[in-house]
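What follows is a short report on a single structure.
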Amino acid sequence: MVVIGLTVVATLLVTRDGSGSGEPTASAPPSTSADTSDIASAADRGPVGIITEDPTCAAWGPIVQKLSEEQDKGWRQIDRSVPASDWTSSQRVIFEKAATDMAAAADQAEALVARTPHRVMRELYSQTISYWRAYAAAIGEYGPNDDHLATAASGLSNSVNWICGAIAYGSALARSQLLPPGMPPQEVALPELASNPARFLGEEDASACGQWQNMVSDYRLATSEWMQKSDPALPSSQWSPEQQTLFANMVTVMSENASTMQQIALPTKNSIWIDFAALAATYRRAYVQAIPTYMPADNYLDSAATELMVAIDEACQATGV
(Lines give C-alpha, C1' and ligand atoms only; values in the text may rest on other atoms or scores of the structure.)
Protein backbone atom coordinates (compact mmCIF):
# COMPACT_ATOMS: atom_id res chain seq x y z
CA MET A 1 0.00 0.00 0.00
CA VAL A 2 1.34 3.41 -0.94
CA VAL A 3 0.73 6.11 1.65
CA ILE A 4 0.88 9.58 0.16
CA GLY A 5 1.36 12.90 1.94
CA LEU A 6 -0.72 15.65 0.42
CA THR A 7 0.63 19.02 1.50
CA VAL A 8 3.10 21.18 3.30
CA VAL A 9 1.34 20.67 6.63
CA ALA A 10 4.48 18.82 7.68
CA THR A 11 6.48 22.03 7.42
CA LEU A 12 4.66 23.22 10.52
CA LEU A 13 5.41 20.07 12.47
CA VAL A 14 7.22 17.49 10.42
CA THR A 15 5.70 14.02 10.48
CA ARG A 16 8.03 11.10 10.44
CA ASP A 17 7.87 8.86 7.47
CA GLY A 18 3.24 7.44 6.93
CA SER A 19 -25.00 8.21 2.53
CA GLY A 20 -28.14 8.62 3.44
CA SER A 21 -29.85 11.89 2.61
CA GLY A 22 -32.76 13.20 4.58
CA GLU A 23 -34.78 15.82 2.73
CA PRO A 24 -36.22 18.56 5.02
CA THR A 25 -39.97 18.93 5.03
CA ALA A 26 -41.54 22.09 3.71
CA SER A 27 -42.22 23.38 7.22
CA ALA A 28 -38.80 22.49 8.68
CA PRO A 29 -35.53 24.41 8.30
CA PRO A 30 -32.82 22.78 6.19
CA SER A 31 -30.78 20.22 8.08
CA THR A 32 -27.48 18.48 7.52
CA SER A 33 -28.59 15.43 9.54
CA ALA A 34 -28.48 12.25 7.50
CA ASP A 35 -30.76 9.25 7.26
CA THR A 36 -28.68 6.76 9.23
CA SER A 37 -30.23 3.61 7.78
CA ASP A 38 -27.39 3.11 5.30
CA ILE A 39 -24.52 4.54 7.39
CA ALA A 40 -22.37 1.68 8.62
CA SER A 41 -21.03 3.61 11.61
CA ALA A 42 -24.36 5.00 12.79
CA ALA A 43 -24.47 2.72 15.83
CA ASP A 44 -20.85 3.35 16.84
CA ARG A 45 -21.06 5.15 20.18
CA GLY A 46 -18.10 3.45 21.80
CA PRO A 47 -14.66 4.70 22.81
CA VAL A 48 -12.24 5.88 20.15
CA GLY A 49 -9.41 3.39 19.72
CA ILE A 50 -6.76 2.17 17.33
CA ILE A 51 -8.39 1.22 14.04
CA THR A 52 -7.17 -2.23 13.08
CA GLU A 53 -9.28 -2.68 9.94
CA ASP A 54 -11.37 -0.54 7.64
CA PRO A 55 -12.73 -1.59 4.25
CA THR A 56 -12.67 1.99 2.93
CA CYS A 57 -8.89 2.30 2.96
CA ALA A 58 -8.59 0.58 -0.42
CA ALA A 59 -10.94 3.08 -2.06
CA TRP A 60 -9.38 6.05 -0.28
CA GLY A 61 -5.88 5.46 -1.64
CA PRO A 62 -6.59 6.23 -5.32
CA ILE A 63 -8.56 9.36 -4.43
CA VAL A 64 -5.74 11.00 -2.51
CA GLN A 65 -3.08 9.72 -4.89
CA LYS A 66 -4.81 11.42 -7.82
CA LEU A 67 -5.19 14.66 -5.86
CA SER A 68 -1.56 14.59 -4.78
CA GLU A 69 -0.38 14.11 -8.35
CA GLU A 70 -2.48 17.06 -9.54
CA GLN A 71 -1.26 19.29 -6.70
CA ASP A 72 2.32 18.51 -7.68
CA LYS A 73 1.72 20.19 -11.05
CA GLY A 74 2.08 23.69 -9.64
CA TRP A 75 -0.16 24.31 -6.66
CA ARG A 76 2.30 23.04 -4.06
CA GLN A 77 5.04 25.23 -5.50
CA ILE A 78 3.00 28.45 -5.85
CA ASP A 79 3.07 31.32 -3.33
CA ARG A 80 -0.25 30.85 -1.56
CA SER A 81 0.07 34.08 0.40
CA VAL A 82 -0.96 36.06 -2.70
CA PRO A 83 -4.65 37.11 -2.62
CA ALA A 84 -6.93 36.60 -5.61
CA SER A 85 -6.90 40.34 -6.33
CA ASP A 86 -3.16 40.15 -7.10
CA TRP A 87 -3.03 36.92 -9.10
CA THR A 88 -1.47 36.81 -12.51
CA SER A 89 -3.37 34.91 -15.18
CA SER A 90 -1.09 31.88 -14.73
CA GLN A 91 -1.54 31.94 -10.94
CA ARG A 92 -5.29 32.11 -11.36
CA VAL A 93 -5.24 28.99 -13.52
CA ILE A 94 -3.26 27.08 -10.88
CA PHE A 95 -5.44 28.18 -7.95
CA GLU A 96 -8.69 27.50 -9.78
CA LYS A 97 -7.48 24.07 -10.89
CA ALA A 98 -6.55 23.24 -7.29
CA ALA A 99 -10.05 24.19 -6.18
CA THR A 100 -11.56 22.01 -8.90
CA ASP A 101 -9.32 19.09 -7.94
CA MET A 102 -10.25 19.35 -4.26
CA ALA A 103 -13.95 19.54 -5.09
CA ALA A 104 -13.60 16.44 -7.28
CA ALA A 105 -11.80 14.54 -4.50
CA ALA A 106 -14.55 15.54 -2.09
CA ASP A 107 -17.21 14.20 -4.46
CA GLN A 108 -15.39 10.88 -4.76
CA ALA A 109 -14.90 10.57 -1.00
CA GLU A 110 -18.61 11.02 -0.24
CA ALA A 111 -19.37 7.32 -0.56
CA LEU A 112 -16.78 6.42 2.08
CA VAL A 113 -18.60 8.46 4.75
CA ALA A 114 -21.42 5.94 4.76
CA ARG A 115 -19.31 2.82 4.29
CA THR A 116 -16.70 3.03 7.02
CA PRO A 117 -17.81 1.13 10.13
CA HIS A 118 -15.96 3.53 12.44
CA ARG A 119 -17.50 6.78 13.71
CA VAL A 120 -14.18 8.60 13.90
CA MET A 121 -13.23 7.57 10.36
CA ARG A 122 -16.61 8.85 9.21
CA GLU A 123 -15.81 12.13 10.91
CA LEU A 124 -12.37 12.28 9.32
CA TYR A 125 -13.84 11.73 5.87
CA SER A 126 -16.65 14.24 6.47
CA GLN A 127 -14.32 16.93 7.73
CA THR A 128 -11.83 16.39 4.93
CA ILE A 129 -14.71 16.83 2.49
CA SER A 130 -15.90 19.92 4.36
CA TYR A 131 -12.51 21.66 4.26
CA TRP A 132 -11.83 20.69 0.64
CA ARG A 133 -15.17 22.19 -0.36
CA ALA A 134 -14.67 25.27 1.80
CA TYR A 135 -11.39 25.95 0.01
CA ALA A 136 -13.00 25.45 -3.38
CA ALA A 137 -15.84 27.81 -2.44
CA ALA A 138 -13.41 30.48 -1.22
CA ILE A 139 -11.26 30.56 -4.34
CA GLY A 140 -13.17 33.37 -6.06
CA GLU A 141 -12.27 35.83 -3.31
CA TYR A 142 -9.24 33.97 -2.02
CA GLY A 143 -7.17 35.52 0.76
CA PRO A 144 -4.05 34.12 2.46
CA ASN A 145 -6.02 32.87 5.48
CA ASP A 146 -8.02 30.59 3.18
CA ASP A 147 -4.91 28.47 2.73
CA HIS A 148 -5.56 27.14 6.23
CA LEU A 149 -8.68 25.48 4.80
CA ALA A 150 -6.52 23.53 2.38
CA THR A 151 -3.88 22.61 4.94
CA ALA A 152 -6.53 21.53 7.45
CA ALA A 153 -8.05 19.28 4.80
CA SER A 154 -4.63 17.88 3.96
CA GLY A 155 -3.80 17.19 7.59
CA LEU A 156 -7.09 15.38 8.04
CA SER A 157 -6.62 13.36 4.86
CA ASN A 158 -3.03 12.57 5.77
CA SER A 159 -4.26 11.25 9.10
CA VAL A 160 -6.42 8.78 7.19
CA ASN A 161 -3.39 7.85 5.07
CA TRP A 162 -1.31 7.00 8.13
CA ILE A 163 -4.20 5.19 9.84
CA CYS A 164 -4.62 3.03 6.75
CA GLY A 165 -0.85 2.54 6.59
CA ALA A 166 -0.78 1.33 10.18
CA ILE A 167 -3.49 -1.17 9.29
CA ALA A 168 -1.71 -2.36 6.16
CA TYR A 169 1.68 -2.80 7.79
CA GLY A 170 0.44 -4.39 11.00
CA SER A 171 1.43 -1.80 13.61
CA ALA A 172 -2.20 -0.94 14.39
CA LEU A 173 -3.11 -4.50 15.34
CA ALA A 174 0.19 -5.20 17.09
CA ARG A 175 0.21 -2.09 19.28
CA SER A 176 -3.53 -1.79 19.95
CA GLN A 177 -3.22 -4.78 22.27
CA LEU A 178 -0.85 -2.82 24.53
CA LEU A 179 -3.41 -0.15 25.41
CA PRO A 180 -6.12 -0.28 28.07
CA PRO A 181 -9.74 0.11 26.91
CA GLY A 182 -10.84 3.70 26.41
CA MET A 183 -13.89 5.43 27.87
CA PRO A 184 -16.94 5.96 25.67
CA PRO A 185 -17.84 9.60 25.02
CA GLN A 186 -20.78 11.21 26.78
CA GLU A 187 -22.14 12.38 23.43
CA VAL A 188 -21.37 11.61 19.80
CA ALA A 189 -21.92 13.78 16.75
CA LEU A 190 -24.87 12.79 14.60
CA PRO A 191 -24.03 11.69 11.05
CA GLU A 192 -24.23 14.54 8.56
CA LEU A 193 -25.07 14.59 4.89
CA ALA A 194 -21.86 13.71 3.07
CA SER A 195 -22.78 16.33 0.49
CA ASN A 196 -22.85 19.15 3.03
CA PRO A 197 -20.88 18.50 6.24
CA ALA A 198 -20.31 21.55 8.43
CA ARG A 199 -16.78 22.50 9.49
CA PHE A 200 -16.23 21.28 13.04
CA LEU A 201 -14.50 24.42 14.35
CA GLY A 202 -15.78 27.98 14.40
CA GLU A 203 -15.31 31.31 16.13
CA GLU A 204 -16.90 29.94 19.31
CA ASP A 205 -13.86 27.67 19.70
CA ALA A 206 -11.36 30.55 19.84
CA SER A 207 -10.36 30.08 23.48
CA ALA A 208 -9.66 26.35 23.20
CA CYS A 209 -7.97 26.96 19.85
CA GLY A 210 -5.50 29.28 21.56
CA GLN A 211 -4.65 26.53 24.03
CA TRP A 212 -4.31 24.02 21.21
CA GLN A 213 -1.97 26.25 19.24
CA ASN A 214 0.23 26.75 22.30
CA MET A 215 0.30 23.00 22.84
CA VAL A 216 1.41 22.39 19.25
CA SER A 217 4.18 24.97 19.62
CA ASP A 218 5.36 23.42 22.87
CA TYR A 219 5.35 19.93 21.37
CA ARG A 220 7.31 21.06 18.33
CA LEU A 221 9.98 22.51 20.61
CA ALA A 222 10.08 19.48 22.92
CA THR A 223 10.52 17.04 20.03
CA SER A 224 12.87 19.08 17.84
CA GLU A 225 16.09 17.25 18.82
CA TRP A 226 14.42 13.84 18.52
CA MET A 227 13.08 14.77 15.08
CA GLN A 228 16.50 15.86 13.86
CA LYS A 229 18.68 13.09 15.27
CA SER A 230 16.61 9.91 15.26
CA ASP A 231 15.98 7.70 12.25
CA PRO A 232 12.46 6.23 12.08
CA ALA A 233 13.66 3.60 9.60
CA LEU A 234 15.83 1.91 12.25
CA PRO A 235 14.31 -0.69 14.62
CA SER A 236 15.10 -0.34 18.30
CA SER A 237 17.61 -3.21 18.07
CA GLN A 238 19.82 -0.97 15.92
CA TRP A 239 19.63 2.25 17.96
CA SER A 240 22.83 3.85 19.15
CA PRO A 241 23.07 4.83 22.83
CA GLU A 242 22.24 8.42 21.81
CA GLN A 243 19.14 7.30 19.95
CA GLN A 244 18.06 5.16 22.89
CA THR A 245 18.25 8.22 25.09
CA LEU A 246 16.33 10.34 22.59
CA PHE A 247 13.48 7.84 22.42
CA ALA A 248 13.45 7.33 26.18
CA ASN A 249 13.02 11.08 26.62
CA MET A 250 10.03 11.01 24.30
CA VAL A 251 8.05 8.69 26.55
CA THR A 252 7.24 11.49 28.98
CA VAL A 253 6.89 14.18 26.31
CA MET A 254 4.47 12.16 24.20
CA SER A 255 2.47 10.85 27.13
CA GLU A 256 1.94 14.37 28.43
CA ASN A 257 1.05 15.58 24.94
CA ALA A 258 -1.62 12.88 24.61
CA SER A 259 -3.19 13.90 27.90
CA THR A 260 -3.05 17.60 27.06
CA MET A 261 -4.84 17.13 23.75
CA GLN A 262 -7.78 15.51 25.49
CA GLN A 263 -7.77 18.01 28.35
CA ILE A 264 -8.11 20.87 25.88
CA ALA A 265 -10.86 19.24 23.81
CA LEU A 266 -13.12 17.83 26.51
CA PRO A 267 -14.41 21.13 27.97
CA THR A 268 -15.44 22.37 24.52
CA LYS A 269 -18.36 19.90 24.33
CA ASN A 270 -17.50 19.72 20.62
CA SER A 271 -18.08 16.02 19.93
CA ILE A 272 -16.00 15.83 16.76
CA TRP A 273 -13.06 17.71 18.31
CA ILE A 274 -13.25 15.42 21.34
CA ASP A 275 -13.19 12.37 19.08
CA PHE A 276 -10.25 13.73 17.08
CA ALA A 277 -8.31 14.54 20.25
CA ALA A 278 -9.01 11.06 21.61
CA LEU A 279 -7.88 9.51 18.32
CA ALA A 280 -4.62 11.49 18.20
CA ALA A 281 -3.97 10.77 21.88
CA THR A 282 -4.62 7.06 21.43
CA TYR A 283 -2.24 6.77 18.48
CA ARG A 284 0.36 8.78 20.41
CA ARG A 285 0.05 6.44 23.39
CA ALA A 286 0.28 3.38 21.14
CA TYR A 287 3.52 4.74 19.74
CA VAL A 288 4.86 5.27 23.27
CA GLN A 289 4.05 1.65 24.10
CA ALA A 290 5.90 0.59 20.95
CA ILE A 291 9.15 2.40 21.79
CA PRO A 292 10.88 -0.46 23.72
CA THR A 293 10.40 -2.81 20.75
CA TYR A 294 10.08 -0.18 18.02
CA MET A 295 9.80 -1.29 14.39
CA PRO A 296 9.68 1.09 11.40
CA ALA A 297 5.98 0.38 10.81
CA ASP A 298 5.26 1.92 14.23
CA ASN A 299 6.05 5.29 12.73
CA TYR A 300 2.61 5.24 11.09
CA LEU A 301 1.11 5.54 14.57
CA ASP A 302 3.12 8.64 15.42
CA SER A 303 2.45 10.20 12.02
CA ALA A 304 -1.31 9.69 12.34
CA ALA A 305 -1.29 11.46 15.70
CA THR A 306 0.92 14.30 14.53
CA GLU A 307 -1.00 14.98 11.31
CA LEU A 308 -4.29 15.11 13.17
CA MET A 309 -2.88 17.39 15.86
CA VAL A 310 -1.59 19.80 13.20
CA ALA A 311 -4.82 19.54 11.18
CA ILE A 312 -6.77 20.78 14.20
CA ASP A 313 -4.30 23.63 14.59
CA GLU A 314 -4.85 24.57 10.93
CA ALA A 315 -8.63 24.33 11.33
CA CYS A 316 -8.34 26.69 14.29
CA GLN A 317 -6.39 29.17 12.19
CA ALA A 318 -8.95 28.85 9.39
CA THR A 319 -11.57 30.34 11.72
CA GLY A 320 -9.68 33.62 11.49
CA VAL A 321 -9.77 34.28 15.24
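The values are calculated or read from the model by the stated rules, or taken from the named source; none is laboratory data. A quick note: this is a predicted structure, and the numbers were derived from the prediction, not measured. Here Cβ is always computed from backbone atoms with ideal geometry, including for glycine, and neighbour counts include all displayed protein chains.
Every test in (1) touching a Gly at 6+ places or on another chain (Cβ under 6 Å); (2) surrounded by fewer than 20 Cβ atoms within 10 Å (Cβ to Cβ); (3) modelled with pLDDT under 95 is passed by Asp17 save one, and that test is (1). Taking the criterion of being farther than 20 Å from Asp218 by Cα and surrounded by 16 or more Cβ atoms within 10 Å (Cβ to Cβ), the residues of the stretch 245-272 that qualify are Thr268, Asn270, Ser271, Ile272. Going through the stretch 300-321 one residue at a time, which ones are closer than 16 Å to Ser255 by Cα and either in contact with a His (Cβ under 8 Å, 6 or more places away or on another chain) or not hydrophobic (A, V, I, L, M, F, W, C) (or both)? Result: Asp302, Ser303, Thr306.
Checked against (1) among the charged types (D, E, K, R); (2) buried (at least 24 other Cβ atoms within 10 Å of the Cβ); (3) not in a helix (DSSP H, G or I), Asp231 passes all but a single condition, namely (2).
Applying the criterion of being touching a Pro at 6+ places or on another chain (Cβ under 8 Å), among the aliphatic types (A, V, I, L, M) and assigned to a helix (DSSP H, G or I) to the residues of the stretch 270-321, the residue that is nearest to Ser130 (Cα to Cα) is Ile274. Check the stretch 159-174 and report whether any residue there is of a type in the set (A, V, I, L, M, F, W, C), touching a Lys or Arg at 6+ places or on another chain (Cβ under 7 Å), at pLDDT 95 or above and surrounded by fewer than 24 Cβ atoms within 10 Å (Cβ to Cβ). Checking the stretch 159-174: not a single residue is of a type in the set (A, V, I, L, M, F, W, C), touching a Lys or Arg at 6+ places or on another chain (Cβ under 7 Å), at pLDDT 95 or above and surrounded by fewer than 24 Cβ atoms within 10 Å (Cβ to Cβ). Among residues of the stretch 110-127 that are hydroxyl-bearing (Ser, Thr, Tyr), those with a Cβ under 7 angstrom from a residue that is part of a helix (DSSP H, G or I), sequence gap 6+ or separate chain, pair up as Thr116/Arg122; Thr116/Tyr125; Tyr125/Ala109; Tyr125/Leu112; Tyr125/Val113; Ser126/Val113. Being of a type outside the set (Lys, Arg) and within 15 Å of the chain's Cα centre (by Cα) is a property that holds for Met121.
Return yes when Pro197 is touching a helix residue (DSSP H, G or I) at 6+ places or on another chain (Cβ under 9 Å) and within 30 Å of Ala58 (Cβ to Cβ) and no when it is not. Yes, satisfied.
Among the residues here, Thr282 does not qualify as of a type in the set (Val, Ile, Thr) and exposed (fewer than 14 other Cβ atoms within 10 Å of the Cβ). Scanning the stretch 275-318 for residues that are over 13 Å from the mean Cα position of the chain (by Cα) and acidic (Asp, Glu) yields one hit, Asp298.
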